[in-house]
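Note sheet for the following structure.
The values are calculated or read from the model by the stated rules, or taken from the named source; none is laboratory data. Note that the structure is predicted; figures quoted are calculated from it, not measured. Every residue, glycine among them, receives a Cβ derived from its backbone with ideal geometry; neighbour counts consider all protein chains shown. When the accessible area is computed, the model is the full protein with side chains, heavy atoms only, and any ligands, DNA or RNA have been set aside. Shrake-Rupley method; radii C 1.70, N 1.55, O 1.52, S 1.80 Å.
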Amino acid sequence: MSALPLDAAANTDLDAGRPSRPGRRLPYFLRRPGGLFGAVWLAFVVLASLTAPWWIPYGVAEQDLSNRLALPSADHWLGTDPLGRDLLSRIFSAGAEPLLGAGITVLVAFGIGLTMALIAAERGPRVERVSSRLAEVLLALPSTILLLAVIGAIGVRIFIVMAVLGVMISAAVYRVMLGVAKSVRQRLYVDAARVNGLSSLRVNLVHVLPSMGTVVAVQAAQLYGISLLIVAGLAFLGFGPAEPQPSWGFMIQDASSYVFSNPWLLVPTGVVLALTVVAANELADAIASRGSVARTTVRRRRPPARVGATATAGARPADPGAVLDVRDLHISVDDGPALVTGVSFALQPGRVLGLVGESGCGKTMTARSLMGLLPDGVSVSGGSIRWQGRELVGLSQEDLSAVRGREIAMISQEPMVALDPMFSVVYQLTQPIRRFRGVGRREARQIAAQLLRQVGIVDGERVLKSYPHQLSGGMAQRVCIALALTGEPRLLIADEPTTALDVTVQAEILSLLRALVRDTGLSVVIVSHDLGVVADICDDVAVMYAGTVVEDGTAAAVLDEPAHPYTQALLAANPHVADGEPVPTRLASIDGTVPPPGEWPTGCRFASRCLFAQEQCTQPFPSVPAHGSGSVLCTRVEELSRADVTWTSAPTTGPAGHETAPAATQPAPTVGVSR
Amino acid sequence: MLAYVARRLAMAVGTVLAAVLISFLLVHATDTSPGAVRLGPGGTPERIAAENEALGWNDPLYVQFFDYLGGFLQGDLGTSLVNGGSIAADLADRVPVTAFIALFATILSGIIGVALGVTAAVRGGRVGQLITTGAGVALSLPVFWVGIILVYLLAIQAGLLPATGYVAFAADPAGWFRSLTLPVLALTIGGAAIIARTANAGMREALAQEHIRTLRAMGTPEWRVRYVHALRFASVPVVSVLGIQFIALFGGSVIIENLFALPGLGQAGQAAAASSDFPALVGVVVVATVVVVVINLLLDLVVAVLDPKVRTA
């Protein structure tokens, strides 16, 4: 599940939830059928070939002229060749040379390629430029033909020829390994080791090389297969051991003369050679599969269960004036933990709603579910999303795509990667404009220029002709907003729209959004972890913690009189200081981290980090109305407000809930805390 | 763009020079000599020494190298030690044979490989599994073995195509095409498998990109998301692998030419290696490198057209 790119999943190590079975000690790559086959077959061929002199039933040159070109029999398990020699004996006697020769190629290729890559990664760009140019030249040479020149010059000394092949292939190894070595070196601990004064050789041996193990193993196994094919190919051309010594390639060459009359002769040698190469490649694939288990499993999107708004007793009644009404929304990993439970909120036309909370609280999942754009393997498992009176949960992808862009549009976290790098801005804008508004090319271009002006881009003509990589982050986000406006949507979902931007640009983008709401009557759902953004732009706010809404209401009420301890804690940890107030000497922080999905406790999910947690917090309880039309999900809320205790005024002896915190390992039921 | 083209051109020239230098040094590392090769087993040490002197074998290496380079720039690759014929003239007849085989095989690998790889990435599930597993096996099969099996199936059993031999294009265009079909197919099986894997990985990566999500969020029709945007993104790695593939197929054609008795560059290389015909060996390496470099330059231009980051740099 490591492929899930969204915040809730990225912060959730779902792999950690998979219990490692202590009974199975096989390395991961042997647990895949391909890997097991590859390892077993390679081990068998190598062993059988190296020990051939001791077990083969017939001598390699032992002819039985009365039994030529025989099919398999009890005497000759794999049959005989045109001179009546036993194929089984010849195949396994021939094995040692290609198997060792390919090994030499791999050793030489890695000896040079890997060493050069480590040196280039360490010495920096100047050394790298020289060695990379050399590698490029070496890679562009036709290596098989060059090998012929080697053979012409030095004769058929196969191990030397294979070593030369290793030199040529080392360029390819260098190319792959350089990338890996550079990224490993960028990791912090390598720098730390260097600062600690370890010699460069030690840094490479102790820290860099071990991290490259998987890539090295994959490449080596693949290279071994390629080298086997090349040794066999050379022998096929006659550049192998001289008759009567057998070689795989020449045995196949021999078989090709008899393909009209005795096609069987092709089979045994060809199959052994092919299986050996397949084995090397399968082993490489299995080794490479680490961490990508999810990619190979078949993912089928489960049809979302449609659960009526009345299914849960705690759900609030539908809000009549709302354009968007989310009721008791549940989102979960298919056959896995819930990511969001019992989320409800409503959005009035022309208002801005903020979803706030720490990373991993399910904000982004909630926002994406509004457009049916959850990642593979994650789906809405209950509740309702009503958009302008129409139920969106359970709609087909086709029906949803009629809503997307036209009625609901989205701008994303990372403007720099949200635009297609292969197409110009003008193409990316005019294409949806023509689709949404049914206009021609020229008119679409005018509308695009106009949209760019609307999002505050002055030199629109230049930007239209640009490609995304030529834009700055702020500019790219403006283009993304213009793109979102192409379908004249009624709702804009903005997922952390300013997080990736510079502070000054952040303010500009926020004021642009504010102007759009004012001028066009757009409704906005904005996802943010930044309470400053919320205070700046939102009319309403829903504070999310561990997959559920803990407090909601108008932004003014929630921010001025936060009722839930989590909201209070967030505000206390917020570095924005209001005008006229003293700058605090030390910022408060919230001890602990958000519990990952699947490990949510019963009762209040914040209890383990809350200063006010008590026994009663571990029992399920309903939310209580607050802030007018809002609510708060805290069983002690009235008690705390009567006592006038807040997060910042509480004694700082640490969370009182530690003793009473419920066992975190208990699976979280999806009922109980829903409202 | 200009800087990019200039850099690629410089690389191309450097690669050809490297090929000349490496093959030149290689044949000088031999423990025999051109005189011995030319005179054969009947040559006495005195006659061999005289022959070597006449061939300039005893001149300082750099003199020989620049002599060769000067000749190469004028299209003169020397004469064969075995039959005394002009190497350049011989290879000029052979290059088209090998180049056509490699080019057809590359194009066919590209078409079949992209179709299979994209299908595997888009369909996923059992079809995707079947394609990726099949490709894994196909790229592991020895090309000469595949070639013989194709001969057995298509020429011997089905009788559709000639088993071996070459028909000149000028003599019989249809026959020429038929004579190249089996060799091209044999090379395509492994080539298409490699392209299919690249296309599959590229397409999966493309479909996981953030900008694809933006397109979906805009309600873009799925065919356009896949076959316009994701495919365009995946095309860059596919085209660069096609370039590497062409080099591999060009080299691989040595074996295929031997199997199908085609008068190509590879056959000349094999003969020259077997007879230690040094000038012919150097000639084959240099000519093969020139062809590979030219094709790669063309592919670099294709990449530049496809990738705006390269084009606008």
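Summary table
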item: Spatial separation of Cα centroids for the range B:70-97 and the range A:591-626, in angstrom; result: 84
item: Most to least accessible of A:Lys182, B:Lys309, A:Lys363 (protein chains only, probe 1.4 Å); result: B:Lys309, A:Lys182, A:Lys363
item: Shielding score for B:52-60, defined as the mean number of other chain Cβ atoms within 10 Å; result: 0
item: Shape of the protein assembly as shown, Cα gyration tensor, a/c cut at 1.5; result: prolate
item: Sequence ranges A:148-154, A:107-113, ranked by mean other-Cβ count within 10 angstrom, highest first; result: A:148-154, A:107-113
item: ³J(HN,Hα) computed for each position of the range B:114-121 - Karplus, 6.51 cos²θ - 1.76 cosθ + 1.60, integer Hz, glycine/proline x; result: 5, 4, 5, x, 5, 4, 4, 6
item: Unpartnered cysteines - no second Cys beta carbon under 4.7 Å - across the protein assembly as shown; result: A:Cys361, A:Cys480, A:Cys538, A:Cys610, A:Cys634
item: Residue mean of other protein chain beta carbons inside 10 Å, A:131-141; result: 5
item: A:Asp285 - accessible surface, heavy atoms, 1.4 Å probe, Å² rounded to 10; result: 50
item: Straight-distance crosslink candidates among lysines, where the alpha carbon sits under 20 Å from A:Lys465 and sequence neighbours closer than 8 are dropped; result: B:Lys309
item: Rounded to the nearest 10 Å², the accessible area of B:His211 at probe 1.4 Å; result: 0
item: Cα centroid of the range A:466-538 to Cα centroid of the range A:138-194, whole Å; result: 49
item: Charge-dipole axis of chain A as Lys and Arg at +1 and Asp and Glu at -1 on Cβ define it, positive-most pick from A:Cys617, A:Thr214, A:Val173; result: A:Val173
item: Number of partner chain Cβ atoms within 10 Å, mean per residue of A:363-375; result: 1
item: The range B:283-309-the range A:219-283 distance, computed between alpha-carbon centres (Å); result: 31
item: Label-point gap, in nm, between B:Arg178 and A:Asp591 - each point 7 angstrom along Cα→Cβ; result: 8.8
item: Rounded accessible area of A:Asp536 (nearest 10 Å², 1.4 Å probe); result: 80
item: Burial order of peptide ranges A:76-87, B:26-37 (average beta-carbon count within 10 Å, highest first); result: A:76-87, B:26-37
item: Around B:Gly84: net Lys/Arg minus Asp/Glu count, Cβ-Cβ under 15 Å; result: -3
item: Dipole axis of the protein assembly as shown (+1 Lys, Arg; -1 Asp, Glu on Cβ), positive-most option in A:Ile331, B:Leu150, B:Ala272; result: A:Ile331
item: Helix-only [θ]222 nm of chain B, DSSP H runs n ≥ 4, -39500 (n - 2.57) each, per residue, nearest 500; result: -25000 deg cm²/dmol
item: About the Cα centre, charge dipole magnitude for the range A:419-477 (Lys/Arg +1, Asp/Glu -1 at Cβ), debye; result: 260
item: Accessible surface buried upon B-A contact (total; probe 1.4 Å; Å², nearest 100); result: 6100
item: Whether the range A:461-514 is rounded, prolate or oblate, judged on the alpha carbon gyration tensor where a/c under 1.5 counts as rounded; result: oblate
item: Net charge dipole size for chain A [Lys, Arg +1 and Asp, Glu -1 on Cβ; Debye, nearest 20]; result: 1300
item: Value at 222 nm in deg cm²/dmol, rounded to 500, when DSSP H runs of n ≥ 4 in chain A each add -39,500 (n - 2.57); result: -14000 deg cm²/dmol
item: A:Ser396 paired with B:Asp59, simple spin-label distance in nm, labels 7 Å along Cα-to-beta-carbon; result: 7.9
item: Formal net charge of residues neighbouring A:Thr520 (Cβ-Cβ distance under 15 Å; K, R +1; D, E -1); result: +3
item: Counted charge near B:Asp67, where neighbours are those whose Cβ lies closer than 13 Å (Asp, Glu -1; Lys, Arg +1); result: -2
